[in-house]
1. With the checklist (1) of a type in the set (A, V, I, L, M); (2) closer than 23 Å to GLU89 by Cβ; (3) modelled with pLDDT of 85 or more in hand, flag the one item VAL22 doesn't pass.
2. State yes or no: is TRP100 modelled with pLDDT of 95 or more, more than 12 Å from the chain's Cα centre (by Cα) and closer than 17 Å to ASN195 by Cα?
3. For segment 76-93, does any single residue satisfy the condition of being modelled with pLDDT of 95 or more, charged (D, E, K, R) and buried (at least 18 other Cβ atoms within 10 Å of the Cβ)?
4. Can you pull out every residue in segment 47-57 that is part of a loop (DSSP other than H, G, I, E, B) and either crowded, with 20+ Cβ neighbours inside 10 Å or within 27 Å of the chain's Cα centre (by Cα) (or both)?
Amino acid sequence: MGVCTSLCGGLGAELEVGTLAVIASVGLGDTRSGSSQVQAPRVLDNGAVYEGCWEGAVRSGDGSQVWPNGAKYFGQWANGMAHGNGRFEHIDGDVYEGNWSEDKANGYGWYRHKDGSSYEGQWTNDKQDGDGTETYADGSKYIGRYKDARKTGLGTFAWADGSSYEGNFENNDISGRGVYIWADGRQFEGTWASNRMHGSGVFTWKDGRMYSGDYVEDQKDGVGVFSWPDGRCYDGQWSCLRVSCSS
């Protein structure tokens, strides 16, 4: 079968926000100590235009910045960096809105691609990290855990064709224990490795057939029991090459 290989392969594209490291520190303006003060728009050394609050020569408080290429940030600043709540608009139409820490997405935030796909959840240093929900342009959706921008841990993925998987992921692959339900009603509950049934599990068909036993790379291989709705049953050893055997 191997149905998950093609479906899962492109699910883990990293949704990096892109740091604001290009922000240049400038030595301009009011250097008096005290609370943040709103000042007139300034052109920075890198050509970006900043308008908002300053503490001495440092951007701090609420402010907006527009880069020469058209990228925009609106939100909070601290020590010359995006820090707090803010919104960054990429030149390609993508948008991130949420929490920032030292010029990077950190904490809770929402990222929307121009094609309509999106991610909402936890971030660490510009990467999905923790609990989140990813929605794709075709309507598919993943809800679960991320680590270093990759689906890792428990999660649920629902495809647009009606199939679904609930269980463990590892580096964007279905790996570990989980239940996959096909759109036509077939179901496998058991162990997975790299998007394939691998280990022990139970496969059921909508017409009542059932196989309980061992799998190797999507194929029945090892000890297993196959039963039919009419009462017939085979209990024994299985060995099948993936290229010549079908379920």
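1. (3)
2. Values: modelled with pLDDT of 95 or more: yes; more than 12 Å from the chain's Cα centre (by Cα): yes; closer than 17 Å to ASN195 by Cα: no.
So TRP100 does not fit the description; no.
3. no
4. Keep residues of segment 47-57 that are part of a loop (DSSP other than H, G, I, E, B), which gives 47-48, 56-57.
The answer is ALA48, and nothing else.
For every residue, the table says whether it meets (1) part of a strand (DSSP E or B); (2) in the same structural domain as ARG150 (by TED's automatic domain parsing); (3) farther than 30 Å from TYR146 by Cα.
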site	(1), (2), (3)
ALA40	yes, no, yes
ASP45	no, no, yes
ARG59	yes, no, yes
ASP62	yes, no, yes
GLN65	yes, no, yes
ASN69	no, no, yes
HIS83	yes, no, no
ARG87	yes, no, no
ILE91	no, no, no
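To keep it simple, each residue is scored yes or no on (1) under 30 Å from GLU120 (Cα atoms); (2) outside any strand (DSSP E or B).
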| site | (1), (2) |
| --- | --- |
| LEU154 | yes, no |
| PHE157 | yes, no |
| ASP161 | yes, yes |
| GLU166 | yes, no |
| GLY190 | yes, no |
| SER212 | no, no |
| VAL223 | no, no |
| GLY231 | no, yes |
| TYR234 | no, no |
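The values are calculated or read from the model by the stated rules, or taken from the named source; none is laboratory data. The model shown is predicted, which means the values in this text are computed figures rather than measured ones. Ideal geometry is used to build each Cβ from the backbone, glycine not excepted, and the neighbour counts take in all protein chains shown.
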